[in-house]
Amino acid sequence: MWNYSDKLKEHFFNPKNAGVLEEANAVGEVGSISCGDALRLMLKVEPETQVIQDARFQTFGCGSAIASSSALTEMIIGKTVDEALTVTNKDIADFLEGLPPEKMHCSVMGAEALRAAIANYRGEEWVDDHEEGELICKCFGVDAAMIERAVEVNALTTLEQVTNYTKAGASCKTCHEKIEDLLETLLAKQGKTLEPVAAKEPAAAVVGLDEIAPLAAKPAAPVKKLSNVQRMQIVMAALDEMRPYLKKDGGDVELIDIDGKNIYVRLSGACSGCQMASVTIEGIQTKLVEKLGELVRVIPHTMMAAE
Amino acid sequence: MGIYLDNNATTRVDPAVVAEMLPFFTEHYGNPSSMHGYGAAVGGKIEWARGEVQKLLGAAFDTEIVFTSGGTESDSTAILSALKAYPKRREIVTSVVEHPAILSLCDFLESKEGYKIHRIPVDGKGNLDLEKYEEALSENVAVVSIMWANNETGTIFPVELLAGMAKKVGALFHTDAVQAVGKLPMNLANSNIDMLSLSGHKLHAPKGIGALYIKRGVRYRPMMRGGHQERGRRAGTENAPAIVGLGKACEMAREAMAVELTQVAALRDRLEKALVEAIPNCFVTGNPANRLPNTANVAFEFIEGEAILLLLNEEGIAASSGSACTSGSLEPSHVMRAMGVPYTAAHGATRFSLSRDTTAEEIDTVIRVMPGIIERLRKLSPYWTNQGAPAGFQPVYS
Ligand SMILES: Cc1ncc(COP(=O)(O)O)c(C=O)c1O
Ligand code: FES
């Protein structure tokens, strides 16, 4: 049984604005009966003011599809067309006090129906470029189609890269087998094979241990201690390397201070505060350990000891 | 009290089963392998339970029964055992409508281990394509795994016939009888079936207990190695209370078989008939002439199953659905698709599975509320008009 919020249940059991809107001058249709979800959104837009005076929907779909449709109509009635266009699928999900990860696509369908209806009103063509696949990563709501696109566009070849680009697999890691299977299939299409992961990746802790008892033959480890300036340069370069990934999600990172083994950073934009923050910190830490060849701790500046 | 019509998903543990189990938590908690009185009491009762499973299956020997953690473990054990026992045979024959316990394992064996899998299709009523089955059989086949009865539609496969055909090419025959045990009479002593899976929680025993029947003399290789429990065929300290519960449940199922076949079947037929009469654009899926007595699967067109379940739940009625949304996947049930049920109806397929506890009043309640629920959802559906089904719509399935 899904864990539906009370708000969602309310909109499912007593949907607002259901039915046909006879005076509609904008209609958006998305989904299809074959995928089990379809939504027809009908709007009545006042031409002078561009205000959406009325909205109705008809939906074929599950509880969250019906509730998302109902929520959408409530959210856009009274808004101008331009204002309505700022409503995202996340807004719909938030309005319903959250959707289970498997059901996020219902809110996506709502947002798309809205765009389709407005395109129809403006006499524009709207192409449904939305495809979805099996949900692979529950933690971040990443489906097979998203991973496939990321792999193709960016020529990704490893699980780690997929995680960096899509976030899939960055949290509980229980979806790693599925990601690797998918990656294997995608690579096979290009005539490539998935490189088996090294027996055990050289973990950060090993580097730390080596400091205590250096092994005789240690190829990659730093031979002599880096100077503070060298360390800072390496850290800055590593952060620059990661920045594009963070920017893709509307975030950024800034180096605040280096205090011995503690490296303080500030996450900004979409990265700060979101549930991603700890994942991002973890990612930065992995990268820095790799680049510096020593064990360091990355700490959000908010946790810096007060002076 | 709610109306529970989801007995193919799981059943209520019968209070008599609970009573039988309790002392094995509180008093007789010894390890049956131990050399003292605590252990002895348990060992004897486990053998009693084994005998009860044997009787329900009509098996020749009680040593043919191995206790496992349930249907899934029995299924995996059977298939993997056959592959290890006949390493030169690199093919498996199964059907497209098996439970994921079989299908996922076969997908894995195919993609990762290089086995060839023959997935035999079914017709619109869910009957197995016997010609394709015969074609797939050869001396390369290590094991055939075909379910006795389907969990979604209740359709019964002719396992005895299929087992005989498999025997001719020397392939082992396994059947996932999780849905059939306790609902259909069985006589494995006079049968070509080599291995059979059953699960306690489908017949009023607890979850997490089941058994694998292995005909005497069938080559077997265990999946779990360790202690000598189950004569080395399934290592691990026995789940004694659950085994006792399964024994009691099998004893009760044997006594209730007549009820299952008559009373339960009559209620199921009454439900189906009333729904199809009262509600336009719906039909029964599966083979009405050859089904489990307790299962009704009705597909309602132009609406989606999860929405139906949520509204039923408001009325205190528990059922299940083959819709994509209830499983969290994008495709409706593989069983509905395999039967060629069109998407317009597959998403609205709703399963009512009864048990010997189901009453006539409960069925009448469902018959009363269902038309309103369907109408309410159809009013919301873009595919439904006030005049009924959309003009020009031709049901593909009838
Ligand atoms: C046909 C069939 N096979 C296997 C299983 C799995 O059994 P269990 O839940 O005991 O592992 C089920 C029940 O879910 C089933 O219906
Ligand atoms: S499910 Fe992918 S990280 Fe948790």
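General remarks:
- Residue among B:V341, B:V244, B:V259 that is of a type in the set (A, V, I, L, M, F, W, C), under 30 Å from A:F12 (Cα atoms) and either within 14 Å of chain A (Cβ to nearest Cβ) or in contact (Cβ under 8 Å) with a residue 12 or more places away in the chain (or both): B:V341
- Any chance A:G141 is farther than 26 Å from A:E46 by Cα, touching a Pro at 6+ places or on another chain (Cβ under 6 Å), touching a residue at least 24 places away in the same chain (Cβ under 8 Å) and outside the structural domain of A:P15 (by TED's automatic domain parsing): yes
- Inclusion of A:E124 among residues that are in the same structural domain as A:L39 (by TED's automatic domain parsing), within 22 Å of A:W2 (Cβ to Cβ) and open to solvent by 60 Å² or more (accessible area, probe 1.4 Å) is not warranted.
- Of the helices (runs of 4 or more DSSP H) lying entirely inside segment B:271-372, those containing at least 1 residues that are among the aromatic types (F, W, Y) span B:343-346.
- Whenever a residue of segment B:98-113 is under 14 Å from B:S145 (Cα atoms), its partners that are among the aliphatic types (A, V, I, L, M) and within 11 Å of ligand 1 (Cβ to nearest atom), lying with C-beta atoms within less than 6 angstrom and at least six residues away or across chains, give the pairs B:E98/B:M147.
- Considering only residues in segment A:161-171 that are open to solvent by 30 Å² or more (accessible area, probe 1.4 Å), farther than 30 Å from A:L85 by Cβ and touching a residue at least 24 places away in the same chain (Cβ under 8 Å), the one that is nearest to ligand 2 (Cβ to nearest atom) turns out to be A:S171.
- Any hit, segment B:63-85, residues being more than 16 Å from ligand 2 (Cβ to nearest atom), among the aliphatic types (A, V, I, L, M), within 22 Å of B:M336 (Cα to Cα) and surrounded by fewer than 22 Cβ atoms within 10 Å (Cβ to Cβ): no
- Only one of A:K44, A:K103 that is farther than 23 Å from B:F300 by Cα and outside any loop (DSSP other than H, G, I, E, B): A:K44
- The number of residues in segment A:22-46 being away from chain B (no Cβ under 12 Å) and either of a type in the set (A, V, I, L, M, F, W, C) or touching a residue at least 60 places away in the same chain (Cβ under 8 Å) (or both) comes to 5.
- Residue match in segment B:86-101 (condition: outside the structural domain of B:R337 (by TED's automatic domain parsing) and in a helix (DSSP H, G or I)): yes
- Being more than 30 Å from B:G322 (Cα to Cα), in contact with a Ser or Thr (Cβ under 9 Å, 6 or more places away or on another chain) and surrounded by fewer than 20 Cβ atoms within 10 Å (Cβ to Cβ) holds for only one residue in B:G44, B:G39, B:G51, and it is B:G39.
- When B:N313 is tested against (1) open to solvent by 10 Å² or more (accessible area, probe 1.4 Å); (2) more than 10 Å from chain A (Cβ to nearest Cβ), just one condition goes unmet, and that condition is (2).
- Complete set of residues in segment B:260-283 that are β-branched (V, I, T) and either open to solvent by 50 Å² or more (accessible area, probe 1.4 Å) or within 19 Å of the chain's Cα centre (by Cα) (or both): B:T262, B:V264, B:V276
- Test: B:L267 is in a helix (DSSP H, G or I) and closer than 22 Å to B:V13 by Cα: yes
- All positions within segment A:118-160 that are within 15 Å of ligand 2 (Cβ to nearest atom) and not in a loop (DSSP other than H, G, I, E, B): A:L135, A:I136, A:C137, A:V142, A:D143, A:A144, A:M146, A:I147, A:A150, A:L159, A:E160
- Entirely in segment A:234-307, the strands (runs of 3 or more DSSP E) that have 3 or more residues that are within 21 Å of A:C172 (Cβ to Cβ), at pLDDT below 80 and under 23 Å from the mean Cα position of the chain (by Cα): none
- Among the candidates A:C106, A:C137, the residue that is modelled with pLDDT of 90 or more, more than 16 Å from ligand 1 (Cβ to nearest atom) and within 14 Å of chain B (Cβ to nearest Cβ) is uniquely A:C137.
- Subset tally (residues that are part of a loop (DSSP other than H, G, I, E, B) and either within 16 Å of ligand 2 (Cβ to nearest atom) or closer than 16 Å to B:R291 by Cα (or both)) for segment B:175-192: 8
- From the options B:S81, B:S34, B:S76, residue that is modelled with pLDDT under 95, over 25 Å from B:A256 (Cβ atoms), in the same structural domain as B:S199 (by TED's automatic domain parsing) and not basic (K, R): B:S34
- The residue pairs whose first member lies in segment B:73-88 and is more than 14 Å from chain A (Cβ to nearest Cβ) and within 16 Å of ligand 1 (Cβ to nearest atom), whose second member is outside any helix (DSSP H, G or I) and open to solvent by 20 Å² or more (accessible area, probe 1.4 Å), and whose beta carbons are closer than 7 Å, counting only pairs six or more residues apart or on different chains, are B:S76/B:M223; B:T77/B:M223; B:L80/B:M223.
- Only one entry in B:G182, B:G154, B:G170, B:G126 is open to solvent by less than 40 Å² (accessible area, probe 1.4 Å), over 20 Å from the mean Cα position of the chain (by Cα) and not assigned by TED's automatic domain parsing to the domain that holds B:V298, namely B:G170.
- Only one of the listed residues (B:V93, B:V17, B:V53) is touching a strand residue (DSSP E or B) at 6+ places or on another chain (Cβ under 9 Å), more than 16 Å from ligand 2 (Cβ to nearest atom) and closer than 22 Å to B:S199 by Cβ. That residue is B:V53.
- Within segment A:5-36, the set of residues being part of a strand (DSSP E or B) and either closer than 17 Å to A:I77 by Cβ or open to solvent by less than 10 Å² (accessible area, probe 1.4 Å) (or both) comprises A:A18, A:A26, A:V27, A:G28, A:V30.
- Check on B:S104, within 16 Å of ligand 1 (Cβ to nearest atom), of a type outside the set (D, E, K, R) and touching a strand residue (DSSP E or B) at 6+ places or on another chain (Cβ under 9 Å): no
The values are calculated or read from the model by the stated rules, or taken from the named source; none is laboratory data. All figures in this text were calculated on a predicted structure; none of them were measured in a lab. Neighbour counts run over all protein chains shown; Cβ positions are idealised from the backbone, glycine included. Side chains are part of the model used for accessible areas, which takes the heavy atoms of the whole protein and leaves out ligands, DNA and RNA. Shrake-Rupley method; radii C 1.70, N 1.55, O 1.52, S 1.80 Å.
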